[in-house]
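Inspection log for the structure reproduced underneath, given as structure tokens.
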Amino acid sequence: MSNVGEKEAKTQKRVVEFFLNTLGYTYLGYWKHRDGNSNVEEEQLNRAPLAHEDWQY
């Protein structure tokens, strides 16, 4: 992996950890090679809460 690829992978890992640990999201796995993979998983999106209980508006 190139230097750029390594930095990108580290950044992606930090973003995933933020979503898991800070925002309380559930990790669904690495779907790169999953059948039917798409940028938007409508079934998963429809199941997600609209707002986090700690969010202030």
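The values are calculated or read from the model by the stated rules, or taken from the named source; none is laboratory data. No experiment lies behind these values; they were computed from the predicted model shown. Ideal geometry is used to build each Cβ from the backbone, glycine not excepted, and the neighbour counts take in all protein chains shown.
Looking only at the stretch 28-48, decide whether some residue is in a loop (DSSP other than H, G, I, E, B) and modelled with pLDDT of 90 or more. Spell out the reasoning first.
First, the residues of the stretch 28-48 that are in a loop (DSSP other than H, G, I, E, B): 28-41, 48.
Filter once more, keeping what is modelled with pLDDT of 90 or more: none.
The answer is no; no qualifying residue exists.
Give me the residue from the stretch 1-16 that is among the polar types (S, T, N, Q) and surrounded by 10 or more Cβ atoms within 10 Å (Cβ to Cβ) and, out of that set, farthest from Leu28 (Cα to Cα). Before the answer, list the steps.
Start the filter on the stretch 1-16 by keeping residues that are among the polar types (S, T, N, Q), which leaves 2-3, 11-12.
Within this subset, residues satisfying the condition of being surrounded by 10 or more Cβ atoms within 10 Å (Cβ to Cβ) are 11-12.
Details: Thr11: 18, Gln12: 15 Å.
My answer is Thr11.
Restricting to the stretch 1-42, give me the number of residues that are among the aliphatic types (A, V, I, L, M) and in contact (Cβ under 8 Å) with a residue 24 or more places away in the chain. So that I can check it myself, show each step before the final result.
So the first thing to find is which residues in the stretch 1-42 are among the aliphatic types (A, V, I, L, M), and the list is 1, 4, 9, 15-16, 20, 23, 28, 40.
Within this subset, residues satisfying the condition of being in contact (Cβ under 8 Å) with a residue 24 or more places away in the chain are 23.
Of the residues in that region, 1 qualify.
If I go through the stretch 1-27 residue by residue, how many of them are part of a loop (DSSP other than H, G, I, E, B) and within 25 Å of Glu43 (Cβ to Cβ)?
Here is the first cut: in the stretch 1-27, the ones part of a loop (DSSP other than H, G, I, E, B) are 1-2, 22-27.
Okay, now just the ones that are also within 25 Å of Glu43 (Cβ to Cβ), so 22-27.
Matching residues across the stretch 1-27 total 6.
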